[in-house]
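Peer 1: Below is the structure I would like to discuss, written out as structure tokens.
The values are calculated or read from the model by the stated rules, or taken from the named source; none is laboratory data. Values in this document were obtained by computation on a predicted structure and should not be read as measured data. Here the Cβ is made from the backbone with ideal geometry for all residues, glycine too, and neighbour counts use every protein chain on show.
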Amino acid sequence: MTLTTLEDYVKREIFKSDKELFDFCPACDETGNTIEALMKGLFQEAKKLQKERDDILRINRSIAKSITELKEVVNNIGSLV
């Protein structure tokens with residue numbers, strides 16, 4: 001078994017081709033430091049996903065509040081009759 005660098009492993013196992021790697025991480029082919037550029041790219045993607053998650057949670061909370069209010073209205077309709 002031959003030893004390989006982390007950079008070689010990432011290129012070989014995670015991306016099917018150099019084009020796929022460079023599409024995901026354009027800076028990888030410019031800097032020559034694939035791992036550092038990938039880590040920066042992954043960090044940026046993680047920040048985007050975290051923002052999307054926060055937006056989804058905010059919407060879910062709003063919907064849950066609306067459902068609770070709707071249930072109260074429906075229950076109050078019964079007491080009006």
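Peer 1: Hey, among the residues in segment 7-25 that are modelled with pLDDT under 70 and of a type in the set (Lys, Arg), which one's surrounded by the fewest Cβ atoms within 10 Å (Cβ to Cβ)?
Peer 2: Going through the qualifying residues, I end up with Arg12.
Peer 1: For segment 45-81, which positions are of a type in the set (Gly, Ala, Ser) and either touching a residue at least 60 places away in the same chain (Cβ under 8 Å) or within 30 Å of Cys25 (Cα to Cα) (or both)?
Peer 2: Across segment 45-81, the qualifying residue is only Ala46.
Peer 1: State all residues of segment 68-81 that are surrounded by 10 or more Cβ atoms within 10 Å (Cβ to Cβ) and of a type in the set (A, V, I, L, M, F, W, C); if no residue qualifies, say none.
Peer 2: The one that is surrounded by 10 or more Cβ atoms within 10 Å (Cβ to Cβ) and of a type in the set (A, V, I, L, M, F, W, C): Leu70.
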